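Undergrad: Below is one structure. I have some questions about it.
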Amino acid sequence: MTDTASQSAARPNLVGPLIDEARLWDRHETLGAIGGTAKGGVNRQALTGEEVEARKLIAGWAKELGFSIASDPIGNMFIRREGTDPDAAPVVSGSHIDTQPTGGKYDGAFGVLAAFEVLEALERNGVKTRRPLEVGIWMNEEGSRFQPGCVGSGVFTGRKNLDETLAMTDRAGISVRDALQPCLAATPDAEARPLGTPIHAYLEAHIEQGPRLEAEGLQIGVVTSIQGMRRFEIDIEGEEAHAGTTPRANRKDALSAAVRVITALEELMHDPDDVVRFTVGRMEVSPGSPNVVPGHVHFTIDFRHPDMDVLKERGDAVERIAKEKAAPCPVTVKGFGTNPPVHFPKEIVDIVRRGAERLELPSMDMPSGAGHDAGLISAVAPVGMVFVPCERGISHNELERASASDLAAGARVLAEAMVELANS
Ligand code: GLV
Ligand code: MN
Ligand code: MN
């Protein structure tokens with residue numbers, strides 16, 4: 001520990017104990033009921049009617065506490081508690097309220113609700129900060145309904161183009177532009193805010209979505225980095241034909257071609273150290289009839305690694321391999337660019353770790369395997385993250401679980417870090 005860190009850690013605790021564990025838990029239950037599934041999970045995909053309801057709920061809570069609301073042209077929503085210095089840029093913390101189709105109650109929701117709890121705890125206890133504090137709710141983090149994800153934060157920073165993002169469509173052909181309207185209408189009092197308003201620092205609380213904290217018996221992970229990611233969409237054209245009569249030599253079977261491509265890509269991505277992450281998460285086979293040779297296959301690739309060189313080298317090989325292996329079927333490969341690995345600035349990592357130390361919560365430093373809006377926001381502000389465990393590391397699953405006390409511990413560390421930054 002550095003001298004400065006030990007001095008700060010020795011300082012009396014600031015605000016963490018003001019976090020109300022029961023209130024934070026209840027809010028997860030209430031928000032989780034919107035889009036709640038029979039298996040205890042949540043299906044609240046980006047810009048759906050469920051998201052409209054969720055926005056109304058959170059805006060209602062904000063109003064009761066006298067916080068103001070703003071939204072920007074891509075539908076990011078901000079809840080603001082004023083500081084004593086009206087000209088200071090805010091400390092922002094948040095995450096997302098969209099989920100996977102079979103998602104859980106905590107991925108994203110925890111970051112939003114923990115940040116909201118910090119604002120509420122300070123408000124109810126009359127604790128002032130110099131800088132304003134804001135909850136940021138970033139549009140379409142998951143990238144399941146509209147691909148790719150993290151576009152709300154991406155457009156906010158200027159890394160993604162506003163018009164191209166508004167033109168993205170879901171599988172039913174509905175555009176972000178159209179789906180956004182009811183979401184914006186959900187908060188008619190919201191001030192319209194331009195993109196990219198200055199942020200002093202950004203923090204995000206999140207469940208770990210992996211097994212390490214639980215295995216170590218720790219409540220707090222101090223996140224040091226986010227691994228990089230590339231996404232691809234592959235389309236293979238075959239020729240529909242009769243399954244009973246068409247000899248092998250006459251077939252152009254798009255699914256057989258897809259199997260060859262995926263097998264070769266699995267080999268390309270093979271990593272004895274198990275650091276590479278390679279997932280084909282969606283496959284659509286047309287026309288999808290048992291007795292028709294498939295005429296078209298569409299599938300997605302999610303490829304992640306902490307090292308930019310590996311992302312570049314192996315990612316750049318995807319198109320060549322797909323073309324080679326799919327022959328004679330033609331292939332189109334659409335890449336969505338690279339989210340490079342992000343290393344968080346030491347000052348913010350130290351502030352998060354100090355928060356845990358002041359609260360006497362043992363923690364470990366760790367990288368994030370999952371992507372987060374914090375990665376995008378790092379282009380315009382210093383960022384940091386705090387992780388809490390989730391049961392068996394399971395996430396993107398209706399069985400995702402976290403405990404009330406772990407969530408509260410994470411919110412307490414967040415409160416410490418937000419207030420330290422807001423008074424700097
Ligand atoms: C976000 O959910 C991700 O895919 O990492
Ligand atoms: Mn998330
Ligand atoms: Mn997620």
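The values are calculated or read from the model by the stated rules, or taken from the named source; none is laboratory data. Please read these numbers as outputs of a predicted model, since none were measured by experiment. As a convention, Cβ positions derive from the backbone with ideal geometry for all residues, glycine included, and neighbour counts pool all protein chains shown. The area values use the complete protein model at the heavy-atom level, side chains included, leaving out ligands, DNA and RNA. Shrake-Rupley method; radii C 1.70, N 1.55, O 1.52, S 1.80 Å.
Undergrad: Could you go through region 290-302 and let me know if any residue there is free of Cβ contacts under 8 Å to residues at least 60 places away in the same chain and in a strand (DSSP E or B).
TA: Restricting attention to region 290-302, the residues satisfying the condition of being free of Cβ contacts under 8 Å to residues at least 60 places away in the same chain are 290-295.
Now drop any that are not in a strand (DSSP E or B), which leaves 292-293.
Yes; the residues of region 290-302 include at least one that is free of Cβ contacts under 8 Å to residues at least 60 places away in the same chain and in a strand (DSSP E or B).
Undergrad: Which condition from (1) more than 16 Å from ligand 3 (Cβ to nearest atom); (2) surrounded by fewer than 22 Cβ atoms within 10 Å (Cβ to Cβ); (3) over 17 Å from the mean Cα position of the chain (by Cα) is the one that Pro341 breaks?
TA: (3)
Undergrad: Return the residue satisfying two criteria in turn: it lies in region 283-305 and is touching a Ser or Thr at 6+ places or on another chain (Cβ under 7 Å) and farther than 19 Å from Ala264 by Cβ, and of such residues it is most open to solvent (accessible area, probe 1.4 Å). Before the answer, list the steps.
TA: Step one: of region 283-305, the residues touching a Ser or Thr at 6+ places or on another chain (Cβ under 7 Å) are 293-296, 302.
Applying the additional criterion that residues be farther than 19 Å from Ala264 by Cβ yields 293, 295-296.
On the way: Val293: 4, Gly295: 6, His296: 45 Å².
Restricting to residues being touching a Ser or Thr at 6+ places or on another chain (Cβ under 7 Å) and farther than 19 Å from Ala264 by Cβ, the top hit is His296.
Undergrad: In the set Asp373, Asp365, which member is over 20 Å from Glu29 (Cα atoms) and touching a helix residue (DSSP H, G or I) at 6+ places or on another chain (Cβ under 6 Å)?
TA: On the way: Asp365 fails: touching a helix residue (DSSP H, G or I) at 6+ places or on another chain (Cβ under 6 Å).
Selected residue: Asp373, the only one of Asp373, Asp365 that is over 20 Å from Glu29 (Cα atoms) and touching a helix residue (DSSP H, G or I) at 6+ places or on another chain (Cβ under 6 Å).
Undergrad: Tell me, which residue of region 348-393 that is of a type in the set (D, E, K, R) and in contact with a Gly (Cβ under 8 Å, 6 or more places away or on another chain) is surrounded by the most Cβ atoms within 10 Å (Cβ to Cβ)?
TA: Quick first cut of region 348-393, residues of a type in the set (D, E, K, R) only: 350, 353-354, 357-358, 360, 365, 373, 391-392.
From the residues that got through so far, the ones that are in contact with a Gly (Cβ under 8 Å, 6 or more places away or on another chain) too are 358, 365, 373.
Details: Arg358: 22, Asp365: 12, Asp373: 31.
The extreme case among them is Asp373.
Undergrad: In addition: Looking only at region 306-338, which residues are out of contact with any helix residue (DSSP H, G or I) (no Cβ under 9 Å at 6 or more places or on another chain) and open to solvent by less than 40 Å² (accessible area, probe 1.4 Å)?
TA: Val310, Leu311, Gly315
Undergrad: Among the residues of region 38-45, is there at least one that is of a type outside the set (S, T, N, Q), closer than 22 Å to Ile348 by Cα and open to solvent by less than 10 Å² (accessible area, probe 1.4 Å)? Spell out how you get there, then give the answer.
TA: First pass over region 38-45, keeping only residues of a type outside the set (S, T, N, Q): 38-42, 44.
This time we only want the ones that are closer than 22 Å to Ile348 by Cα, so: none.
So far as region 38-45 goes, no, none of its residues is of a type outside the set (S, T, N, Q), closer than 22 Å to Ile348 by Cα and open to solvent by less than 10 Å² (accessible area, probe 1.4 Å).
Undergrad: Only one of these is open to solvent by 60 Å² or more (accessible area, probe 1.4 Å) and more than 16 Å from ligand 3 (Cβ to nearest atom): Ala201, Ala215. Name it.
TA: Working: Ala201 fails: open to solvent by 60 Å² or more (accessible area, probe 1.4 Å).
From the options Ala201, Ala215, the qualifying one is Ala215.
Undergrad: Which pairs turn up if I take residues in region 90-101 that are more than 13 Å from Glu51 (Cβ to Cβ) and look for partners that are in a strand (DSSP E or B) and near ligand 2 (Cβ under 10 Å from one of its atoms) with beta carbon separation below 9 Å, at least 6 apart in sequence or on another chain?
TA: The qualifying pairs are Ser93/Glu204; Gly94/Glu204; Ser95/Glu204; Ser95/His206.
Undergrad: Here are some conditions: (1) surrounded by 24 or more Cβ atoms within 10 Å (Cβ to Cβ); (2) of a type outside the set (Lys, Arg); (3) not in a loop (DSSP other than H, G, I, E, B). Ala408 meets all but one. Which one does it not meet?
TA: Result: Ala408 fails condition (1) only.
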